[in-house]
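First the structure, in the form of structure tokens, and then the observations on it.
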Amino acid sequence: MSTSRRKLLDRRVNVRDAAIYYIASEGTYAADLYFRALQSNGVIDRSRVKLIVLPSTGGQSAPKQLVYRLDDVRKGLDTKLPQDEFWLLPDIDHHRDKELSDVALLADQKGYLLAASNPCFEVWLILHETDNLSDLVTHGENSSAAAACVDKLRRLTGHYNKRMLDPSLYTAEKLFAAEERAKKIDNEARWPVEVGTHVHRLTMRLPRNFVAPR
């Protein structure tokens, strides 16, 4: 049984031709709560885009599982409009280059877009607070790299719980700052080889309720 794309939109908020972004995240909580915060804070123009985050459940968080999750959603849709987009948000973490390369190839073949973080999504949240990533390392350098990112985020914000993100931290000004910082360390590779994130490649495509400062 197909899913009606029209019914996925909230006509009290979304215009008729609003885009839908389907976002498969490696984590269960943080990415979902982050994008909810951008919407609830009025940063994203909700009339023009609907964000549907597909978090990992039951331990199904490997990069290829993200692809399969998008496959399942796309197969179930009754229609897809040109403005709709399908995004993968994997963490580099312990995944090997061959696995990531295979996923990047699959994504290209299917028309999916990739916004990976190295070692984890928390790097993107850190960039909302600072451009200093010099004290962080990749998983290849230290298996506790992701935990170090969480610790740094707690020091910067005074608290961090991926199950209960503080929406007040994710304002228009902080989003713009994070995007600018991420762009400066984006080497145009398919995924960040060093500590970094490509989540800005997704957020910069979202319609805004504010004009970024020049």
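The values are calculated or read from the model by the stated rules, or taken from the named source; none is laboratory data. Everything numeric in this text was worked out from a predicted model, so none of it was measured. Neighbour counts are summed over all protein chains in view; Cβ atoms, including those assigned to glycine, are modelled from backbone coordinates with ideal geometry.
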Among the residues in segment 52-66, are any assigned to a loop (DSSP other than H, G, I, E, B), farther than 18 Å from residue 198 by Cβ, touching a residue at least 60 places away in the same chain (Cβ under 8 Å) and not hydrophobic (A, V, I, L, M, F, W, C)? no
List the number of the failed condition for residue 104; all other conditions in (1) surrounded by 13 or more Cβ atoms within 10 Å (Cβ to Cβ); (2) more than 18 Å from the chain's Cα centre (by Cα); (3) at pLDDT below 95 hold. (2)
Just wondering, is there one or more residues in segment 154-163 that are under 23 Å from residue 87 (Cα atoms) and either in contact with a Phe, Trp or Tyr (Cβ under 6 Å, 6 or more places away or on another chain) or not small (Gly, Ala, Ser) (or both)? yes
Does residue 79 satisfy being in contact with a Ser or Thr (Cβ under 9 Å, 6 or more places away or on another chain), exposed (fewer than 12 other Cβ atoms within 10 Å of the Cβ) and within 26 Å of residue 150 (Cβ to Cβ)? no
Among the candidates 152, 110, which residue alone is touching an Asp or Glu at 6+ places or on another chain (Cβ under 8 Å) and in contact (Cβ under 8 Å) with a residue 40 or more places away in the chain? 110
Of all residues in segment 20-45, how many are under 19 Å from residue 173 (Cα atoms) and aromatic (Phe, Trp, Tyr)? 2
Residue by residue through segment 26-53, note down the ones that are at pLDDT below 95 and among the hydroxyl-bearing types (Ser, Thr, Tyr). 28, 29, 40, 47
Give the number of residues within segment 125-150 that are exposed (fewer than 15 other Cβ atoms within 10 Å of the Cβ) and not in a loop (DSSP other than H, G, I, E, B). 1
Quick one: residue 93 ticks every box in (1) part of a helix (DSSP H, G or I); (2) under 20 Å from residue 59 (Cα atoms); (3) acidic (Asp, Glu) bar one, so which box is it? (1)
Would you check if there is a residue in segment 39-48 being in contact with a Leu (Cβ under 6 Å, 6 or more places away or on another chain), in contact (Cβ under 8 Å) with a residue 12 or more places away in the chain, surrounded by 13 or more Cβ atoms within 10 Å (Cβ to Cβ) and of a type in the set (D, E, K, R)? no
Among the residues that make up segment 106-121, is at least one of them closer than 19 Å to residue 10 by Cα, part of a loop (DSSP other than H, G, I, E, B) and of a type in the set (Gly, Ala, Ser)? no
Residues of segment 155-214 satisfying the condition of being buried (at least 19 other Cβ atoms within 10 Å of the Cβ), of a type outside the set (S, T, N, Q) and in a strand (DSSP E or B): 196
Can you confirm whether residue 173 is acidic (Asp, Glu) and within 20 Å of the chain's Cα centre (by Cα)? yes
I want to confirm something. Restricting to segment 1-38 and keeping residues that are in contact with a Ser or Thr (Cβ under 9 Å, 6 or more places away or on another chain) and farther than 21 Å from residue 123 by Cβ, which single residue is surrounded by the most Cβ atoms within 10 Å (Cβ to Cβ)? 18
